[in-house]
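K.L.:
Can you read through this structure? Questions will come right after.
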Amino acid sequence: MAKLIDGKAIAAQIRDEVAQETQALKSCGVTPGLAVVLVGEDPASCTYVRNKQKACADAGIYAEQITLPATTTQEELLRVVQELNARADIHGILCQLPLPAHLDDKAVIAAISPEKDVDAFHAVNVGHILIGDEGFQPCTPAGVMEMLTRSGIAVEGKSCVVIGRSNIVGKPMAMLLLHANGTVTICHSRTVDLAAVCRGADILVAAIGKAKFVTADMVKPGAVVIDVGINRDENGKLCGDVDFAAVEPIAGAITPVPGGVGPMTIAMLLKNTLTAAHRQTGK
Ligand code: NDP
């Protein structure tokens, strides 16, 4: 039976640490501020934004939600971002993705000041991640690294396989594992004999977006399996990219869904907002 990596408990620890540090910063006259821009009424996005706001409030971080109608134009959205860039009380800005189809998410991300880009999606921050500089760490991959560290799982020298090559999860995840001295393979929809590649992994990270895609035959006995996916199964129940029931008996350690990577992502967002406030105020 695999060791269960409890993302909820680890995230709670990090949120406590952020709350304490926020308190200290407040006593220097600075309240960290995060602006969350939501365009339209996508139900999943609304839930994510609500969760982020609540987490901020719990940690003592000021959170401002800017809700815009789905009909918002590119110009209007860019104007909102520019206004937030100029505000001294807002240290972090994120625009909840996906945006409605008529809006250009790349242009919106590019408009966010890199110092306030707490999602670390801006090309400047992506460059910092690639080089291995001290920049913002992208929330989901950083959350995975934090989970590994706090669970006592070393990456150095390990064979790490990441399934998925998106800009927000797969690619930065691979970079962080590489910086931690893992030997990293990135898989995608054109990978030949995916199962065989995955079976070579000591650490397997699934970021695909397909319910229960990773099956027992894709996992080496004793491997660490990190499930980033958030999907609904055939009964509408929340599940990951990994077939948990089939893989859990084989893996050495595994993250559940829900209660794994998801809570870590929010905890890392709080951490990045705090870092942004420190940097922008010099306190
Ligand atoms: P994307 O859709 O952007 O990327 C999915 C990746 O999976 C692509 O690179 C794609 O390959 C690859 N893929 C798809 N099908 C296959 C296949 N049959 N074999 C191998 N690779 C395949 O998704 P995201 O990276 O944005 O998200 C991935 C999952 O993680 C989603 O479920 C999402 O909801 C979840 N997520 C969870 C977060 C959290 O906090 N826990 C945060 C962000 C995302 P190709 O490039 O070739 O198309």
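The values are calculated or read from the model by the stated rules, or taken from the named source; none is laboratory data. A quick note: this is a predicted structure, and the numbers were derived from the prediction, not measured. Glycine also receives a Cβ, built like all others from the backbone with ideal geometry; neighbour counts cover every protein chain displayed.
K.L.:
Got a number for residues in region 46-92 being at positive phi and either part of a strand (DSSP E or B) or within 20 Å of the chain's Cα centre (by Cα) (or both)?
P.N.:
0
K.L.:
Out of region 203-219, which residues are surrounded by fewer than 19 Cβ atoms within 10 Å (Cβ to Cβ) and farther than 12 Å from Cys239 by Cβ?
P.N.:
Thr215, Ala216, Asp217
K.L.:
Here is a further query. Can you confirm whether Ala245 is of a type in the set (A, V, I, L, M) and either assigned by TED's automatic domain parsing to the domain that holds Ile61 or surrounded by fewer than 20 Cβ atoms within 10 Å (Cβ to Cβ) (or both)?
P.N.:
For Ala245, the condition - of a type in the set (A, V, I, L, M) and either assigned by TED's automatic domain parsing to the domain that holds Ile61 or surrounded by fewer than 20 Cβ atoms within 10 Å (Cβ to Cβ) (or both) - is met.
K.L.:
Now, a different point. May I ask you to list the residues in region 239-252 that are in contact (Cβ under 8 Å) with a residue 12 or more places away in the chain and not β-branched (Val, Ile, Thr)?
P.N.:
Scanning region 239-252 gives Cys239, Gly240, Asp241, Asp243, Phe244, Ala246, Glu248, Pro249, Ala251, Gly252.
K.L.:
Considering only region 14-69, state which residues are more than 19 Å from Cys139 (Cβ to Cβ), in contact (Cβ under 8 Å) with a residue 60 or more places away in the chain and either crowded, with 16+ Cβ neighbours inside 10 Å or charged (D, E, K, R) (or both).
P.N.:
Matches in region 14-69: Leu25, Val30, Val39, Gly40.
K.L.:
I would also like to ask the following. Evaluate the following for Thr255: is it within 11 Å of the ligand (Cβ to nearest atom), closer than 15 Å to Val219 by Cα and either in contact (Cβ under 8 Å) with a residue 60 or more places away in the chain or assigned by TED's automatic domain parsing to the domain that holds Met173 (or both)?
P.N.:
Here the answer is yes, as Thr255 does meet what is asked.
K.L.:
Can you report the number of residues in region 224-252 which are in a strand (DSSP E or B), under 15 Å from Ile163 (Cβ atoms) and within 16 Å of the ligand (Cβ to nearest atom)?
P.N.:
5
K.L.:
Only residues in region 260-280 that are within 18 Å of His122 (Cβ to Cβ) count as the first member; pair them with residues that are part of a helix (DSSP H, G or I) and away from the ligand (no atom under 16 Å from the Cβ), Cβ under 7 angstrom, at least 6 apart or cross-chain, and list the lot.
P.N.:
From region 260-280, the pairs are Lys271/Val18; Ala276/Glu115; Ala276/Lys116; Ala277/Leu25; Arg279/Glu115; Gln280/Glu115.
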